[in-house]
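Trainee: Please find one structure pasted underneath; my questions will follow.
The values are calculated or read from the model by the stated rules, or taken from the named source; none is laboratory data. Here the structure is a predicted model, which means the values were calculated and not measured. Here the Cβ positions follow ideal geometry from the backbone for every residue, glycine too, while neighbour counts run over all protein chains shown. Note: accessible area is taken over every heavy atom of the protein model, side chains too, but ligands, DNA and RNA are not part of it. Shrake-Rupley method; radii C 1.70, N 1.55, O 1.52, S 1.80 Å.
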Amino acid sequence: MNTPSRLLTCLVVAALAPSGGAVAAQQLTAAERAAAVASVWAEARYNFAYWDRVRADWDSALVANLKLAAGPQSDLLFYRRLRRLVAVLGDGRAAVIAPPTLRSRIARPPLLVASVERRPFILDYAENDEMRVARPPRLAEILAVQGVPTEQWIRDSVLPEISAATPVDRWQRAVAWMLQGDKGTSVHLLVRVPDAEPRGLSVTRSLSLNDRWPLDPPAFATESLPDGMTLVRIASLEDEEVVRQFDRAFPDFTRVQGLVLDLRRAADGKTEYAYQILARLTDRPFPAVRWRTPQYRAVFRAWNLGDSASMWYAPETGTVAPRTDRPPYGGPIAVLASSATAAAAEDLLAAFRAANRGAIIGEPTGGSPGDVATFALPKSWGVQFSVTRHEAPDGTGFAGVGVKPHVVVIPTVNDLLAGNEPALEKAWQYLKGGLPLPPP
């Protein structure tokens, strides 16, 4: 932790330290809650990379949250309040990291819920004893939660705690987590399938934040399409294993006549792994994204000059060379993107677009690039947010707006219910030469 944040935290702790009395095990004291709030404020103040996109008054947020932290409350309530504070940053990479003891108390039912045209639908469920009896209908729309209409439920109970950089991504994240609550409690839904009357459905919040989510797609998967076309789905760039899987799947590309790279579920990871994959898809060097990070210089404050909000460390933009350990692919490529695509996948898309290597098809991405740093808070809590600012090789910013596709395809409810994949169909047309791209 840097000097300004440490000083502020120590002052707050000293001012709010309890005079005595026992504290329940595994529960933060008022002083520790205040220290956590102060640390979040200070670490973000000096290290967050996107202050130009923050519309709220961060200093006022500190005062308000210190007042909230002083009152008696459960760790769970404080967790939710701290999430609301962090959400003010408008950073899709930001998160409050609760300790395992608290994470074990927060859960959701094993239902995969997704937003289509701002309406929540049950796409799938993981089987357990309860699900085998309840049998939630796939493609059912959720009309109400605990008797509250879904839009009101999401807007009032979920959305304020969601960190995201764009309104579309914020809403889809809220829908994905809309059923989260105390582990072991029931959540009562009103659902409707097409051409049927609404019916009630009661499910238990059984999978905690400590549990593996069984409905996550594999990080890497391939599928053969007709006419020598190949679909590659990458859902995560978090582990270098995805690069090794790509290399094992494609020791060469002799049988690949066209390639669709699906990044619609990729929302995390490291840019270096994204570049290693992209470096197999070209035989020419391509420009890397630009990046910079806040650089704090205390003496500038003494001279009444800008502090870390305006001073940056920014290395020269480099290029990434094609890999020489495997043969490159030189055929046509279409990349699928969605409002959930974020982080390293956005860097891949920005570099891909700058290299004029192919078509990006789908939705504007989540607008949350950048490297993430994690900062320690009291009693094994933590907070993370973006500490680098990423821009396209030509200097175009895409934080907060996303990487724009060449061909916009917005999923519709009719497509979902009919089982259509309009973005994939457009990619197919492009690879077959039947879909000209608009001018840049």
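Trainee: Given +1 on the Cβ of Lys and Arg, -1 on the Cβ of Asp and Glu, and no further charges, what dipole in debye does segment 137-280 carry about its Cα centre, rounded to the nearest 20? Working shown, then result.
Mentor: Details: 17 positive and 21 negative charges, 37 e Å.
Around 180 debye, computed over segment 137-280.
Trainee: Rg(Cα) of segment 301-436 divided by 2.2 N^0.38 Å? Show your work: numbers first, answer last.
Mentor: Values: Rg = 19.4 Å, N = 136, 2.2 N^0.38 = 14.2 Å.
So segment 301-436 has a normalised radius of gyration of 1.36.
Trainee: Would you mind getting the accessible area per residue of segment 310-382, heavy atoms of the protein chains only, 1.4 Å probe, in Å²? Provide the component values of the computation, followed by the final result.
Mentor: On the way: 2660 Å² over 73 residues.
About 36 Å² of surface per residue is accessible.
Trainee: Related question: Under 11 Å from the Cβ of residue 363, count the other residues' Cβ atoms, weight Lys and Arg +1, Asp and Glu -1, and hand me the total. Please list the in-between numbers first.
Mentor: Values: positive: 264, 404; negative: 169.
So the surrounding residues net to +1.
Trainee: Restricting to DSSP loop positions (anything but H, G, I, E, B) with no more than 11 other Cβ atoms inside 10 Å of their own Cβ, which GluC sites (Glu not before Pro) remain in segment 231-329?
Mentor: On the way: sites: 238, 240, 241, 272, 316; in loops: 238, 240, 316.
Passing sites in segment 231-329 are 316.
Trainee: Follow-up question, since we're still on this one. Grab the other residues whose beta carbon is less than 10 angstrom from that of residue 233, score K and R as +1, D and E as -1, and report the net. It would help to have the intermediate numbers written out before the result.
Mentor: Details: positive: 264, 265; negative: 223, 262.
Taking every Cβ under 10 Å from that of residue 233, the sum is 0.
Trainee: If you put +1 on each Lys and Arg Cβ and -1 on each Asp and Glu Cβ, how big is the dipole of the chain around its Cα centre, in Debye rounded to 20?
Mentor: Details: 49 positive and 46 negative charges, 156 e Å.
The calculated dipole for the chain is roughly 760 debye.
Trainee: Give the value in nm², to one decimal: projected area of the alpha carbon convex hull of segment 177-282, averaged over all directions.
Mentor: Values: hull surface 40.5 nm².
Reported value for the Cα convex hull: 10.1 nm².
Trainee: With only Lys, Arg, Asp and Glu charged, each at its Cβ (+1 for the first two, -1 for the last two), find how big the charge dipole of segment 266-411 is about the Cα centre; round to the nearest 20 debye.
Mentor: On the way: 14 positive and 12 negative charges, 26 e Å.
Result for segment 266-411 is approximately 120 debye, rounded to the nearest 20.
Trainee: Using mean Cβ contacts within 10 Å as the protection proxy, how do 32-42, 62-72 order, highest first?
Mentor: Values: 32-42: 24.8, 62-72: 15.5.
Top of the packing list down: 32-42, 62-72.
Trainee: Moving to a separate point now. How much mean residue ellipticity at 222 nm does the chain get from its helices, if each DSSP H run of length 4 or more adds -39500 (n - 2.57) and you divide by all residues, to the nearest 500 deg cm²/dmol?
Mentor: Values: 14 runs with 131 residues, N = 440.
The per-residue figure over the chain is -8500 deg cm²/dmol.
Trainee: Related question: Name the residue from 403, 98, 62 whose Cα lies farthest towards the positive end of the charge dipole of the chain, charges +1 on Cβ of Lys and Arg and -1 on Cβ of Asp and Glu.
Mentor: The residue sitting most towards the positive pole is 62.
Trainee: Let me ask something else. Within the accessible area of the chain, what % is carbon and sulfur when the probe is 1.4 Å and the other protein chains stay in place? Working shown, then result.
Mentor: Values: 10670 of 20400 Å².
That share works out to 52 percent.
Trainee: Continuing with the same structure: Starting from the Cα gyration tensor of the chain, take the square roots of the eigenvalues, sort them a ≥ b ≥ c, and report rounded, prolate or oblate (rounded when a/c is under 1.5, otherwise prolate if a/b is larger than b/c, else oblate). Mind dumping the intermediate values first?
Mentor: On the way: a/c = 2.14, a/b = 1.21, b/c = 1.76.
Taking the square roots of the gyration eigenvalues as a ≥ b ≥ c, the chain is oblate.
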